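The values are calculated or read from the model by the stated rules, or taken from the named source; none is laboratory data. All values reported here derive from a predicted model rather than from experimental measurement. Here the Cβ positions follow ideal geometry from the backbone for every residue, glycine too, while neighbour counts run over all protein chains shown. Remember, those area values only see protein heavy atoms, side chains included, never the ligands or the DNA or RNA. Shrake-Rupley method; radii C 1.70, N 1.55, O 1.52, S 1.80 Å.
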Amino acid sequence: ASPAQKLVFNRVNGKRPQMLLQQISAPEECYTLAHEENVRFVYEAWQQVEQQLDGSQSGESACGPVQYIEKTPNPGLKNFVPIDLEEWWAKQFLANIENCS
């Protein structure tokens, strides 16, 4: 059994297509002040929830967030594995780099 052949696309006049050049040389994303403010708000609010949740688990507070835990887990989710978003984004980033070169 011979290995699968690779597809090779020859460039016209040895140049990259214009669309690829635009993708490669795209400027960095700019974030608006409103975007940064929203991210900061969500981050700070989540930090408060985590602190309150930690406090309620150690018996410091009777009020605050409540962590939901299912009493009868869904059997369809028995083998569920949560995705590591940072790892997924890293793989996507590397795949984009490899596809462009």
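Largest accessible area first, the residues V42, V66 order themselves as V66, V42 under a 1.4 Å probe with ligands, DNA and RNA left out. Is the stretch 32-101 rounded, prolate or oblate when judged by the Cα gyration tensor, a ≥ b ≥ c being the square roots of its eigenvalues, rounded requiring a/c under 1.5 and prolate requiring a/b larger than b/c? Here the stretch 32-101 falls in the oblate category. Put a dot 7 Å past the Cα of Y68, heading toward its Cβ, do the same for W88, and the two dots end up 2.0 nm apart.
Full extension of the segment from F80 to N99, taken as 0.36 nm per residue of separation minus the current Cα-Cα distance, would add 3.8 nm.
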